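The values are calculated or read from the model by the stated rules, or taken from the named source; none is laboratory data. What you are looking at is a predicted structure, and each value in this text was computed from that prediction instead of being measured. Because the Cβ atoms are built from the backbone with ideal geometry, glycine has one as well, and the counts that use them run over all protein chains shown. Only protein heavy atoms, including side chains, enter the accessible area calculation; ligands, DNA and RNA are left aside. Shrake-Rupley method; radii C 1.70, N 1.55, O 1.52, S 1.80 Å.
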Amino acid sequence: MDLSTGSKLPLIKQMWRELRWMLGYAKGYRGVIVLTLALGAVSVLFGLGSSLASKYLLDSVIGRNPGSLAVFAAAMGACMLASVAVRAVSSRVSGVAGVKLKQKVRSDVFRRIMVSRWEPLHEKKSGDLLARVLSDSSSVSGTVLSFVPSAGAAGIQFTGAFVLLLIYDPVMALIALLCAPVSVLFSRLWMRRMRRSDDLLRKTDGEISAYCSEALAGIDTVKSFGIYRLFVRGLEKLHSRYFSCYEGYNRLTVTASAAMSVMGILVYAACFAWGVYRLWTDPEIYTYGTFTLFLGLASSLRGSFSSLVSAVPSLISATAGAGRIMEIFDLDAEPDPHEMTESTYGVRAEGVCFSYDGRRRVLDGFSLTADPGEAIAVTGSSGSGKTTLMRLMLGLADFEGRIVLVTPDGTEIPVSAATRRAFAYVPQGNTVFAGTVAENLRMVKEDATDEEIVSALKKACAYGFVSEMPGGINAVIGEKGAGISEGQAQRIAIARALLCDAPVILLDEATSALDSATERKIMDSIAAEGGRTCILSSHRGQVIESCTRTYRVGEPL
């Protein structure tokens with residue numbers, strides 16, 4: 001499945017689908033949502049009570065009735081303080097639950113990326129995937145816990161104010177309700193444009209994240225060539241694109257908000273004029289306290305409806321984020337790796353063809369045979385398909401032809417994601433992670449003893465320098481292998497593969513940063529283990545000469 005944004009569904013149906021998916025997370029937080037909704041309703045009721053108390057307080061002042069002043073003043077103050085306390089409790093409850101939900105959504109998205117098939121993720125920028133894990137997840141989790149309680153509280157406030165107005169003054173209630181159809185019309189007019197702008201903002205933000213990550217990962221190269229200004233200008237161009245997107249989005253929201261505010265002013269002015277007219281024509285029934293109460297209720301009615309309408313932009317943003325996350329969840333998941341029962345496997349490839357996205361074939365009819373105990377070399381020019389071949393052996397992508405594992409009794413097992421435990425893979429480049437040397441090795445064998453780690457390091461000719469590091473195998477390696485050389489990083493990666501003790505080891509230019517003597521020792525260590533099948537790609541003649549057979553990508557030698 002493609003991860004490009006967008007959908008052929010009508011916008012309302014698309015948003016409804018995304019909203020339902022979001023609310024699926026609400027099932028585990030029903031108690032929190034019900035509690036915050038109840039607290040919001042109580043806060044609204046205290047607010048309405050405060051408005052009623054203020055009416056009778058004003059009437060008592062105007063009517064020179066000091067006996068009831070203290071009672072209504074106390075009631076008004078108590079309602080206001082109670083409303084503040086209830087909102088504080090609600091904020092506390094929703095805040096704690098919100099952090100937990102955000103962590104859960106992020107973990108779910110991250111895990112889904114990790115288990116999804118490699119092909120559809122391969123060409124996505126890391127910054128875009130990171131944005132889905134972080135910002136999109138935060139937007140979704142925040143809306144899940146806030147939207148229902150906020151909408152519920154606004155609905156209760158709207159209903160309560162409207163009912164009170166309808167009982168005491170139906171005309172003013174209808175005047176205050178005039179903003180409703182106009183608000184709905186405005187929402188429908190700018191909803192699609194806002195969704196489109198939000199999608200573009202998220203995409204551009206992902207590009208900025210990817211650009212910065214790439215520049216920081218290669219900061220040594222940037223500094224050595226003195227080209228930091230080039231990268232700064234590149235970031236400024238991306239920022240300019242983001243600003244242009246945001247300017248359009250902001251213009252849209254400001255215009256809509258201003259239009260809603262003008263509509264609110266007109267409605268409030270109409271309510272005020274009607275109240276003045278009633279106060280002028282019927283002062284005995286329509287008191288000053290009643291006048292201020294009704295104006296307050298009309299304002300509350302308009303405000304609650306505006307709150308519901310103004311929630312649309314945040315809902316659009318959240319559903320856009322949910323849509324991007326759903327694209328990840330819609331990807332096919334890889335099967336879990338199976339336990340491989342044999343201690344030795346051969347590998348056979350026949351007529352393997354592969355191309356990325358239908359472009360020129362990287363592999364075209366490639367065949368290979370590697371028996372247990374053999375070391376097989378694969379050579380070819382850069383970009384000829386050596387790394388791709390190893391990815392196919394690991395079941396990372398679909399291809400034409402056959403690649404199978406061969407058991408000692410001749411049984412053939414097609415390679416897939418489920419057979420990865422038969423392989424130990426050392427890719428090109430620096431593949432160590434931030435943490436200790438021991439932690440890097442235990443990634444492939446969590447229960448490995450210190451003795452097993454030391455043994456693997458020795459086989460990879462790495463224990464010599466590791467033992468001299470502060471802490472030995474517990475020495476800390478920085479991000480991207482900071483603190484060790486590329487050759488040292490390669491040897492630690494090889495030690496990790498050897499500790500894995502898989503029947504087949506794949507070395508993709510894994511010794512390119514090593515001297516010939518060290519390279520020879522490592523190959524001898526692999527050969528001494530007996531029965532392990534080794535398939536390596538290399539440009540170096542000495543390591544190729546030590547192999548049983550050599551294949552060139554495209555043709556055997």
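Numbers for the structure displayed
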| item | result |
| --- | --- |
| Calculated FRET value between ASP364 and PHE329, using beta carbons and R₀ = 56 Å, to 0.05 | 0.95 |
| Spatially proximal lysines relative to LYS445 (Cα-Cα < 28 Å; intrachain offsets below 8 disregarded) | LYS104, LYS386, LYS458, LYS459, LYS480, LYS521 |
| Between helix 179-217 and the chain: long-axis angle, C-alpha atoms, 0 to 90°, nearest 10 | 30 |
| By average C-beta atoms within 10 angstrom, highest first, the peptides 335-343, 210-218 | 210-218, 335-343 |
| Interatomic Cα distance distribution for the range 21-148, bins of 10 angstrom, percent | 12, 27, 20, 16, 12, 8, 4, 2, 0 |
| Computed E for TRP280/ASN65 - FRET, C-beta separation, R0 22 angstrom, nearest 0.05 | 0.40 |
| Dipole magnitude of the range 345-487 about its Cα centre (Cβ charges: Lys, Arg +1; Asp, Glu -1), debye to nearest 20 | 440 |
| Accessible area per residue in Å² at 1.4 Å probe, computed on the chain | 50 |
| DSSP beta bridges in the chain [antiparallel fraction, %, rounded to 5] | 55 |
| In order through the range 19-28: 3J(HN,Hα) via Karplus (6.51 cos²θ - 1.76 cosθ + 1.60), integer Hz, x for Gly, Pro | 5, 4, 4, 4, 5, x, 6, 6, 4, x |
| With every protein chain in place, the range 472-528: carbon and sulfur % of accessible area (1.4 Å) | 45 |
| Sequence of SER50, SER146 from largest to smallest accessible area, 1.4 Å probe | SER146, SER50 |
| Protein-only accessible surface order, largest first, of LYS480, LYS55, LYS124 at 1.4 Å | LYS480, LYS124, LYS55 |
| Under the Karplus curve 6.51 cos²θ - 1.76 cosθ + 1.60, θ = phi - 60°, whole-Hz ³J(HN,Hα) for the range 98-115, x wherever Gly or Pro sits | x, 5, 4, 5, 4, 5, 5, 4, 4, 4, 5, 5, 4, 4, 5, 4, 5, 9 |
| Relative contact order [Cα under 8 Å, 6+ residues apart], the chain, whole percent | 16 |
| Rounded to whole Hz, the Karplus (6.51, -1.76, 1.60) HN-Hα couplings of the range 485-493, x for glycine and proline | 7, 5, x, 5, 4, 4, 5, 5, 5 |
| Order of exposure, largest accessible area first, which applies to PHE110, PHE72 with probe 1.4 Å | PHE110, PHE72 |
| Cα-Cα P(r), the range 313-451, percent of pairs per 5 Å interval | 2, 7, 13, 16, 16, 15, 12, 8, 5, 3, 2, 1, 0 |
| Residues with amide H under 5 Å from that of ILE505, placed H, sequence gap 5 or more | ALA424, THR533, CYS534, ILE535 |
| Residue-span extension gain [ARG229 to ASP515] - 0.36 nm each, minus C-alpha spacing | 99.4 nm |
| Coordinate range along principal axes, alpha carbons of the range 406-544, Å, largest first | 49, 37, 25 |
| Where only C-alpha atoms are counted, convex hull volume of the chain per residue in Å³ | 206 |
| The range 332-376 and the range 378-450: distance between their alpha carbon centers, rounded to Å | 9 |
| Environment charge of ALA370, counting only residues whose C-beta is closer than 9 Å and scoring Lys/Arg +1, Asp/Glu -1 | 0 |
| Dipole in debye (nearest 20) - the chain, about Cα centre, beta carbon charges: Lys, Arg +1; Asp, Glu -1 | 2180 |
| Taking the convex hull of Cα positions in the range 453-492, its mean projected area over all directions (nm²) | 2.5 |
| Computed [θ] at 222 nm, deg cm²/dmol, the chain (DSSP H ≥ 4; -39,500 (n - 2.57); rounded to nearest 500) | -21500 deg cm²/dmol |
| Residues whose placed amide H lies under 5 Å from that of ARG552, excluding near-sequence neighbours | THR379, LEU557 |
